[in-house]
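Note sheet for the following structure.
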Amino acid sequence: MELLTNLVNVLASDPTGMVYIGIGLMAIALAGSGVMEGAICMKTVESMARNPEMYSKLRTSMIIGCALTETTAIYALVIAILMLFVG
Amino acid sequence: MNSVVLDSIFDGFLSFEFDDWFVPEIFSSLIVILIIIVLSFVIHFMFKDSYKDPLQEQKGFKMVIAMGVEKVENFVVELMGENNRNFAGLASALFIYVFLAFIFGLTGLAAPMTYFGVCLSLGLITLFMIHITAVRNQKMKYFKRYVDPIFVFLPINIITTFTPALSLALRLFGNALGGFCIMGIVYFGLENVSSAIFNNLGLFVGNYWANAGGFFVSGAEGPAGIFVAPLVAPVLHLYFDLFSGAIQTLVFVTLTMIQILQEFPEDESTSLNTVSQNL
């Protein structure tokens with residue numbers, strides 16, 4: 001408990017450190033994005049193995065899906081950069 | 001913290017000074033637009049004799065252009081149905097501009113996509129197209145969406161109106177800025193590595209070389225810092241500029257077309273079900 005109080009005191013004395021903690025916390029968003037991109041790839045490979053004649057169409061859909069899924073991580077990146085340079 | 005930001009936004013808000021309004025990213029965006037205008041005039045005059053006989057076979061550069069136009073038209077028809085073929089004009093314009101603006105950073109000038117205003121104006125184009133299409137197709141029923149369940153939801157609905165533009169703009173901006181930042185870090189590191197290697201060889205001892213380095217090296221590392229980066233950076237440029245640019249262009253145009261398509265009446269053959277099958 002005393003440690004926590006000390007930590008709060010330290011952070012309160014220099015609040016700019018909180019900004020960097022927030023920037024680091026933005027990396028949590030990468031976890032979900034990474035997991036679901038892996039899921040997209042897994043399902044696409046499964047489908048490709050089931051009917052290989054759809055290979056090129058599935059690849060196109062996979063790339064578009066990955067780019068859409070990346071969006072969440074990219075929002076996190078934009079927020080982190082805004083916090084770093086603007087906030 | 002906030003007051004500094006607000007001050008920097010509203011400071012010089014009404015003063016028309018050159019430094020405030022001249023943004024290098026917008027200047028390179030204008031260069032891209034100039035390139036596209038010149039290219040379209042050139043292509044127009046190249047194809048002038050082909051307009052009388054559209055079925056004749058093209059060769060060389062003209063064949064590439066014809067194939068590109070056909071690809072974009074097929075893309076739009078596959079996505080939106082046969083009776084929306086006219087949107088191929090918008091799609092090809094967006095394709096060319098977004099892709100060229102994305103890879104324009106390769107020239108060494110400022111990359112237009114790393115300035116949020118450029119991305120936001122692209123998003124606003126989509127937003128205007130969505131609402132113009134909605135007004136044309138739904139007439140007075142268009143205004144029903146702002147009071148959708150009941151009248152109380154009006155402010156929320158007005159805010160929701162702008163989300164497509166913001167989402168598209170932030171997607172482009174984040175991708176370009178991410179690549180830009182990573183390339184900046186890579187160049188910084190490689191410059192240090194190179195100067196650590198080549199400064200110890202004693203090749204650049206004299207004052208002349210030490211001063212001349214400032215002209216063609218971005219950092220203050222001198223001429224010894226330029227030898228490693230050309231070996232490593234092109235592969236990363238291939239991914240972060242060309243590949244990422246192509247994918248994001250495709251995603252941008254696809255999302256634009258799908259969001260415009262949502263405003264058409266449901267009963268036609270161009271419903272979202274056929275889209276998700278064709279995608």
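Of the residues making up the stretch B:217-262, those that are buried (at least 18 other Cβ atoms within 10 Å of the Cβ), away from chain A (no Cβ under 14 Å) and either within 19 Å of B:Val76 (Cβ to Cβ) or modelled with pLDDT of 85 or more (or both) number 3. Annotation note: of B:Phe45, B:Phe22, B:Phe16, B:Phe10, the sole residue that is exposed (fewer than 10 other Cβ atoms within 10 Å of the Cβ) and modelled with pLDDT of 85 or more is B:Phe45. Scanning the stretch A:37-81 for residues that are more than 10 Å from every other protein chain (Cβ to nearest Cβ), open to solvent by 70 Å² or more (accessible area, probe 1.4 Å), more than 16 Å from B:Val251 (Cβ to Cβ) and not acidic (Asp, Glu) yields A:Met42, A:Lys43, A:Val45, A:Ala49, A:Arg50, A:Pro52, A:Met54, A:Tyr55. Go through the stretch B:148-191 and give me each residue that's farther than 16 Å from A:Thr72 by Cα, of a type in the set (S, T, N, Q) and either in contact with a Gly (Cβ under 9 Å, 6 or more places away or on another chain) or open to solvent by 50 Å² or more (accessible area, probe 1.4 Å) (or both). Answer for the stretch B:148-191, where residues must be farther than 16 Å from A:Thr72 by Cα, of a type in the set (S, T, N, Q) and either in contact with a Gly (Cβ under 9 Å, 6 or more places away or on another chain) or open to solvent by 50 Å² or more (accessible area, probe 1.4 Å) (or both): just B:Thr160. Counting only helices (runs of 4 or more DSSP H) wholly contained in the stretch B:14-98, no element carries 2 or more residues that are closer than 27 Å to B:Leu255 by Cβ and among the basic types (Lys, Arg). The lone criterion from (1) of a type in the set (Gly, Ala, Ser); (2) free of Cβ contacts under 8 Å to residues at least 60 places away in the same chain; (3) within 14 Å of another protein chain (Cβ to nearest Cβ); (4) touching a Ser or Thr at 6+ places or on another chain (Cβ under 8 Å) left unmet by B:Ala165 is number (3). Among the criteria (1) within 17 Å of the chain's Cα centre (by Cα); (2) modelled with pLDDT under 90; (3) not aromatic (Phe, Trp, Tyr), the one B:Ser29 does not fulfil is (2).
The values are calculated or read from the model by the stated rules, or taken from the named source; none is laboratory data. No experiment lies behind these values; they were computed from the predicted model shown. Every residue, glycine as well, gets a Cβ built from its backbone with ideal geometry; the counts of neighbours run over all protein chains shown. Heavy atoms of the whole protein, side chains included, go into the accessibility calculation; ligands, DNA and RNA do not. Shrake-Rupley method; radii C 1.70, N 1.55, O 1.52, S 1.80 Å.
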